[in-house]
Every structure is written in C-alpha cells, then in structure tokens.
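Written below as structure tokens is the structure these notes are about.
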Amino acid sequence: MEVEMNAIAQPSAGSVSGSKLDNRRMLAGLIDLAVVAAGAAVILVAAGAVGGDGAGVGAPLAAVVVGWALYYYFACESGGGQTLGKKLMNVRVVRVDGKPVGIGDVAVRTVLRVVDTLIVGLVAMLATGERRARVGDLVAGTMIVSSDGGPATVSPAAAPASAPQAPETPMSEVPVELAVAE
C-alpha cells in the first residue's frame, strides 16, 4: 500500500497544471453551481417560495438552501474527491502530499466554502500562485489535481517537499528480545 501512495504523489510529465487546470476547475465549478442551483430551485418550488406567497420562509428557507449546497459538496467529495463537475472535467481534490482526502479534510473544505464564497476565496486563490488554493484548501491541506490517465498527479511546484522515510523492515526480520524475570 505504501508503494501505491508514493506513486500517487510523484509528479508526472503528463500532469495538467496552470491555465489548463484552471480552465477545467472553472468549468467544474460552473457545473457544480448548476447542480446546486437546480437543487435550490426544487427546494424553493417545494416550499412554495416560487410562484406562491412564500411569506415568512426567508431565513429558514435560506438555511435549507445553504445546507443543500454544503451537503452536495460534502457528499460528493467524500466519495473519491470529486463532485459531478470535477468528475466531468477530470479533476479531483487530494491532500497536498498526493494521498486521497479523508472525511475530515472534506468536512473542513466544505465548511469553509461559506468563507470562500466571499471575495476572500478569490484573494486566497490569487495569492497562492499556481496552486490556486482557496481558504478551504489551505486549512485542510488539500489541492485540486488532474485525474486524467489514472492516479492523481501533483504539480512539482504545488507539492511540498516531503521528509524522507525510513525503509520498512518486514516483521519476520525484526529482532525480538525476551526478558526473563529471575
């Protein structure tokens, strides 16, 4: 398993980064926005806020719509790091070391989408160079990479240097010393 994870973190000559990845991320975001908007429209119609009176449902209904949007991102990214938009555009979210995201990483990214919706997310993306990390990515330690052609690839400029790891010793070769009480 360790070998597989190290293979994921290695940059490849075919990795997509820069403006090509930015374009795919933008299209993925627009697709996801359309999915969220469609779900919000269904919620609004079901609540009678569209085409009906809709009086007195403002804040609670807004909370339901925001909850739907956050659920969509959390549920999708928890199952492999891809929303519908990311899947269609062949990008995914991974940890900065190239490993798959965990549920905690996805939860942090999802909660911070509320902050990233404001101008803060755009400023963070512009300030982080080629990585284009939003606040949720910075706090969760995640990044968006291409998922073309197999394992996720990490751009050398975006991945932090990892500390060298000691080679693993098989359990059959580990010396065992027994202390005998006298």
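Listing for the model above:
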item: With DNA, RNA and ligands ignored, accessible area of Asp105 (1.4 Å probe; Å², nearest 10); result: 30
item: Simple spin-label estimate for Leu30 and Lys87 in nanometres, 7 Å along Cα-Cβ; result: 2.1
item: Local electrostatic count, Gly85, Cβ distance below 10 Å [Lys/Arg +1, Asp/Glu -1]; result: +3
item: Evaluated over region 26-108, the Cα radius of gyration and Dmax, each in Å; result: 15.4, 51
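The values are calculated or read from the model by the stated rules, or taken from the named source; none is laboratory data. Just so it is clear, the model here is predicted, and its values are computed rather than measured. Note that each Cβ is placed from the backbone with ideal geometry, even for glycine, and that neighbours are counted across all protein chains shown. These accessible areas exclude ligands, DNA and RNA; they are computed on the full protein's heavy atoms, side chains included. Shrake-Rupley method; radii C 1.70, N 1.55, O 1.52, S 1.80 Å.
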